[in-house]
1. Given the structure, is residue 28 at pLDDT below 90, surrounded by 10 or more Cβ atoms within 10 Å (Cβ to Cβ) and either assigned to a loop (DSSP other than H, G, I, E, B) or at positive phi (or both)?
2. Could you tell me which residue of segment 88-114 is nearest to the chain's Cα centre (by Cα), considering only residues that are part of a loop (DSSP other than H, G, I, E, B) and loosely packed, with under 13 Cβ neighbours inside 10 Å?
3. Looking for something over 30 Å from residue 62 (Cβ atoms), touching a helix residue (DSSP H, G or I) at 6+ places or on another chain (Cβ under 9 Å) and either in a helix (DSSP H, G or I) or touching a residue at least 24 places away in the same chain (Cβ under 8 Å) (or both) - is there at least one such residue anywhere in segment 118-137?
4. Any residue in segment 42-57 that is modelled with pLDDT of 90 or more and under 30 Å from residue 125 (Cβ atoms)?
C-alpha cells in the first residue's frame, strides 16, 4: 500500500497497517480475533492454556494435565491389573483403540509380527510405568 501525497504520484513509502485494528472494516458476521474479543479490564486470561496454573483447588496438579492421555494410561493399567497373566504385547493387541497401526493381523509376515510385538510391549510397559509412578506420587502427596 502507498500513501497519497498532494501530488499526482504515489510515494514509495509503505504504510504500516496493524491488521488487528481493522475491526471497523470487518463485517459484523466475521468473528473478532481473540485479542480484541474482550477489553483488558473485563477479563483476566493470558495467552495459551493456563487453566491448571490458575486453579485454586485444594490439591493442585503440576503443569497442564492431558485428560485423554491420563484416561489411556488408566485403561492400560486397569487392563494389566485385571489380566496379570497376559504378556505385554498381548495387552496392547487386545485393548481397543490402542496403537491401531500396530495390531497384529493374521496376514502379517513373521518379521512384521515380531516388530509389532516389540512396539506393543514397549508402549504398554511405558504406560504401566507411568501409571505406577503417578500412583506412587499421589500416595506421598504429590500430584504428577
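1. No; evaluated as a whole, the condition is false for this residue.
2. Checking each candidate, the answer is 97.
3. yes
4. Scanning segment 42-57, I find no residue that is modelled with pLDDT of 90 or more and under 30 Å from residue 125 (Cβ atoms), so the answer is no.
The values are calculated or read from the model by the stated rules, or taken from the named source; none is laboratory data. These figures come from a predicted structure and were not determined experimentally. Positions of Cβ are backbone-derived with ideal geometry, glycine not excepted, and every protein chain shown enters the neighbour counts.
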